[in-house]
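Chemist: Quick one: this structure, given as structure tokens, is what I'll be asking you about.
The values are calculated or read from the model by the stated rules, or taken from the named source; none is laboratory data. These numbers come from a predicted model, not from an experiment. Glycine also receives a Cβ, built like all others from the backbone with ideal geometry; neighbour counts cover every protein chain displayed.
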Amino acid sequence: MKLLLILPVLLLSLLSTGCSQAQAEPQTVTLQVKGMTCENCVKGIEGTLENTAGVMENEVSLEDRTATITYDANKLSPEKLAKRVSSLGYPASVESAQAE
Ligand code: 9UX
């Protein structure tokens, strides 16, 4: 009769595992971005990031030459984001990552 007790526990643990895998894992990274010279560059990068799957928030600063991005770590990495921005013609590198 132990099976009757174990079965619900098994089901529950399966369900919660599935949930945690599907859940977004927000991380924030600051990229150093070179080559931005006007506010239109900023808008262009921000627009592209906004349309990038997994990006939750982003703020590009012309003054600081940075892009601060909050993203879902299940879908993106700082390296992927740097490549994405670089591909627009603005060489980007990972400046700092806020772990966890
Ligand atoms: Mo900005 Mo562009 O600095 O053609 S130069 S958008």
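Chemist: Residues that are assigned to a loop (DSSP other than H, G, I, E, B) and modelled with pLDDT of 95 or more: does the stretch 16-33 have at least one? If you could, list the steps in order and put the result at the bottom.
Modeler: First, the residues of the stretch 16-33 that are assigned to a loop (DSSP other than H, G, I, E, B): 23-25.
With the extra rule that they be modelled with pLDDT of 95 or more, the set shrinks to 25.
Yes, some residue in the stretch 16-33 is assigned to a loop (DSSP other than H, G, I, E, B) and modelled with pLDDT of 95 or more.
Chemist: Next question, about the same structure. Please enumerate the residues belonging to the stretch 61-83 that are in contact with a Pro (Cβ under 8 Å, 6 or more places away or on another chain) and under 15 Å from Gly47 (Cα atoms). Give the steps one after another, and end with the answer.
Modeler: We begin by selecting, within the stretch 61-83, every residue in contact with a Pro (Cβ under 8 Å, 6 or more places away or on another chain); these are 70-73.
Listed by number, the residues that qualify are Thr70, Tyr71.
Chemist: Take the conditions surrounded by 12 or more Cβ atoms within 10 Å (Cβ to Cβ) and at pLDDT 95 or above and apply them to Thr37. Does it pass? Quick ask: steps written out before the conclusion?
Modeler: Values: surrounded by 12 or more Cβ atoms within 10 Å (Cβ to Cβ): no; at pLDDT 95 or above: yes.
When the stated conditions are applied, Thr37 does not pass them.
Chemist: Is one or more of the residues making up the stretch 74-92 modelled with pLDDT of 95 or more, away from the ligand (no atom under 16 Å from the Cβ) and assigned to a strand (DSSP E or B)?
Modeler: No, because not a single residue in the stretch 74-92 is modelled with pLDDT of 95 or more, away from the ligand (no atom under 16 Å from the Cβ) and assigned to a strand (DSSP E or B).
Chemist: Then there's this: Is the stretch 44-62 home to any residue that is of a type in the set (S, T, N, Q), assigned to a strand (DSSP E or B) and in contact (Cβ under 8 Å) with a residue 12 or more places away in the chain?
Modeler: Kept after step one, since they are of a type in the set (S, T, N, Q), are these residues of the stretch 44-62: 48, 51-52, 58, 61.
Checking which are assigned to a strand (DSSP E or B) leaves us with 58, 61.
Adding the requirement that they be in contact (Cβ under 8 Å) with a residue 12 or more places away in the chain leaves 58, 61.
Within the stretch 44-62, one or more residues are of a type in the set (S, T, N, Q), assigned to a strand (DSSP E or B) and in contact (Cβ under 8 Å) with a residue 12 or more places away in the chain.
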